[in-house]
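The values are calculated or read from the model by the stated rules, or taken from the named source; none is laboratory data. These numbers were taken from a predicted model, which means no experiment stands behind them. Here Cβ is always computed from backbone atoms with ideal geometry, including for glycine, and neighbour counts include all displayed protein chains. Areas reflect the complete protein model, heavy atoms only, side chains present, ligands, DNA and RNA absent. Shrake-Rupley method; radii C 1.70, N 1.55, O 1.52, S 1.80 Å.
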Amino acid sequence: MKPLPSRRDGRETRARLLDVAQRAFEERGYHGASVAEICRRASVANGTFYRYFHDKDEVFLHLAERLGQGLEAVLSTALKRPGTVEDRLCRALGAFYSYVGEHRALWQIFREAEFVRLELPVRVYHRLARRIEEHIFTRDDQAGEAARAAIPFALMGCAYMVGTRYIIWENRPVPEADLEAVVAFATRGLSTDAPLAPVPWPPAAGDTAGPGLGATVKDTTALDDGPPDDPGAPADGGAAEPGRDETAGERTRRRLLWAAEQCFGEMGYFGAQIADITRLAGVAQGTFYVHFPGKVDILRELVRDINRRLRRRVRMAIAAAGDRRHAEVLGLAAFLQWLHGRGGIYRIVREAEFVDEEVARWYYTRLAQGYVPALAAAAEAGTVRPIAPEPLAYALLGLGHISGLRWVLWPGPGPDAVQLDLPDVVRSLGAFILYGVEGVRRGAGVPFTPAPK
């Protein structure tokens, strides 16, 4: 970071460049905005920009850090005030949504910063988690170290996804009723006092399960298994119907999808070119356009395919669930298992938010739609508390999303960061899902029993 200018006119020029850059990044994203455009909008020469900033990255990351510092300040203020856990969570969530709503452009920049300089959002999330842990748990609580480490990220996830649903996708405030639903869930969990049978443990997993979580069910998915060379290989999405041989065109299309998944996952959407995809797929570049009009079109199909594969994995894991409470714990475990070793796949989904918001929104909405009727039915049956099912669904999605990033994909910010095995994460988050922060503080846990072999 270059030093701040000493003259007032220099400070004013720098501030103007930052304001203009913020608007440019909001409208065009990191990759769409250029230094030349920022200078043109600010009515300064390109050389003037470099008197104050080294490059575009420095401006972008400075704005992202500004958002992080602001969030830390408002959350700390909200959490420090005395009151019950529910009071503090309500104030913190309200402060989060208000701040993000007022600084929507900065929030978008912060979210995209993960694909520019990952260490910055990782540091910010860890700072926020420390503030939450300090004010939600006390020294006398019965919550263990794993719960104290995992639950702050889960709370941020609940806030993140509900905020994204309204503030980012719809550009409107989070409704008060939805805020209340998230607070109710975060405080006391979703379980009623209805008897809960033990949850089978370890849960069924695919052959690529995370460490320590078992591996009893094979999930055959062509794009997971490798390039679809064999005409009879198992497939998803665009594969041939059972009982019908796959055509050469269908095999080529699947091979292109597999190659795009590898390229986007490794290089990112903006770094990967169509030539990279066709080279890896072993086809001529013109063949790509027979199947897809452009790069964004293959990204859209990949996102839809990943959604189908994840939903199938979760359905397999919860098939034997005794009730919805079992399903939530086992579904979370299945998601974390699926994510293990698939960082590239998940990057595709997250980066799609900054390429084609419509398909990214479809991805999460489609997942939420699977939650809502099941949660409503469980509430009717008396096993799940009567919390509004739609905000509860998005809170559960967000819990898994941020927890997966923290405990599976992201590195820790330093050697002193807490590291947990996936079974400990699932046990801690399972207790939070069922009984909320208040239950975890009292020492509540998920009743597990060894699964039959």
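Tabulated data for the structure shown
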{"quantity": "Residue among V446, V425, V408 that alone is farther than 20 Å from A177 by Cα, buried (at least 18 other Cβ atoms within 10 Å of the Cβ) and in contact with a strand residue (DSSP E or B) (Cβ under 9 Å, 6 or more places away or on another chain)", "calculated": "V446"}
{"quantity": "Test result for T77, part of a helix (DSSP H, G or I), open to solvent by 50 Å² or more (accessible area, probe 1.4 Å) and β-branched (V, I, T)", "calculated": "yes"}
{"quantity": "Near pairs, Cβ below 6 angstrom, 6+ apart or cross-chain, from segment 341-364 (without any contact (Cβ under 8 Å) to a residue 60 or more places away in the chain and within 14 Å of D297 (Cα to Cα)) to any residue that is open to solvent by less than 10 Å² (accessible area, probe 1.4 Å) and of a type outside the set (A, V, I, L, M)", "calculated": "V349/Y363"}
{"quantity": "Evaluation of L223 against (1) aliphatic (A, V, I, L, M); (2) at pLDDT below 95; (3) in a loop (DSSP other than H, G, I, E, B) (one fails), failing number", "calculated": "(3)"}
{"quantity": "Selected residue [in a helix (DSSP H, G or I), within 21 Å of the chain's Cα centre (by Cα) and either hydrophobic (A, V, I, L, M, F, W, C) or farther than 30 Å from V183 by Cβ (or both)] from V20, V100", "calculated": "V100"}
{"quantity": "Qualifying residue in segment 304-325 (condition: at pLDDT 95 or above, outside any helix (DSSP H, G or I) and more than 22 Å from A379 (Cα to Cα))", "calculated": "no"}
{"quantity": "Matching residues in segment 342-363 - criterion: being open to solvent by 50 Å² or more (accessible area, probe 1.4 Å) and among the basic types (K, R)", "calculated": "R347, R361"}
{"quantity": "Residues of segment 364-376 that turn out to be surrounded by 20 or more Cβ atoms within 10 Å (Cβ to Cβ) and over 17 Å from A181 (Cα atoms), as a count", "calculated": "2"}
{"quantity": "Segment 16-56: number of residues that are surrounded by 12 or more Cβ atoms within 10 Å (Cβ to Cβ) and among the small types (G, A, S)", "calculated": "7"}
{"quantity": "Residue check for A379: at pLDDT 95 or above, assigned to a helix (DSSP H, G or I), within 15 Å of G189 (Cα to Cα) and open to solvent by less than 10 Å² (accessible area, probe 1.4 Å)", "calculated": "no"}
{"quantity": "Where a residue in segment 423-435 is closer than 17 Å to G398 by Cα and its partner, wherever it lies, is open to solvent by 10 Å² or more (accessible area, probe 1.4 Å) and of a type in the set (F, W, Y), with Cβ under 8 Å and at least six apart", "calculated": "V425/W407"}
{"quantity": "Near pairs, Cβ below 6 angstrom, 6+ apart or cross-chain, from segment 133-150 (assigned to a helix (DSSP H, G or I)) to any residue that is of a type in the set (V, I, T) and open to solvent by 20 Å² or more (accessible area, probe 1.4 Å)", "calculated": "A149/V418"}
{"quantity": "Failed item in (1) small (G, A, S); (2) within 28 Å of A24 (Cβ to Cβ); (3) at pLDDT 95 or above; (4) buried (at least 16 other Cβ atoms within 10 Å of the Cβ), with S98 passing the rest", "calculated": "(4)"}
{"quantity": "Selection within segment 280-298 - farther than 22 Å from R342 by Cα and in a helix (DSSP H, G or I)", "calculated": "Q285, G286, T287, F288, Y289, V290, H291"}
{"quantity": "Within segment 300-341, considering residues that are of a type in the set (K, R) and open to solvent by less than 20 Å² (accessible area, probe 1.4 Å), the one farthest from I433 (Cα to Cα)", "calculated": "R309"}
{"quantity": "Residues (among the basic types (K, R) and surrounded by fewer than 18 Cβ atoms within 10 Å (Cβ to Cβ)) located in segment 104-146", "calculated": "R104, R117, R123, R127, R130, R139"}
{"quantity": "Segment 1-26 residues that are more than 17 Å from E58 (Cβ to Cβ), paired with ones that are of a type outside the set (G, A, S) and surrounded by 16 or more Cβ atoms within 10 Å (Cβ to Cβ) (beta carbon under 7 Å, 6 or more apart)", "calculated": "E26/Q108"}
{"quantity": "Qualifying residue in segment 268-275 (condition: touching a Cys at 6+ places or on another chain (Cβ under 7 Å) and either within 25 Å of L409 (Cα to Cα) or small (G, A, S) (or both))", "calculated": "yes"}
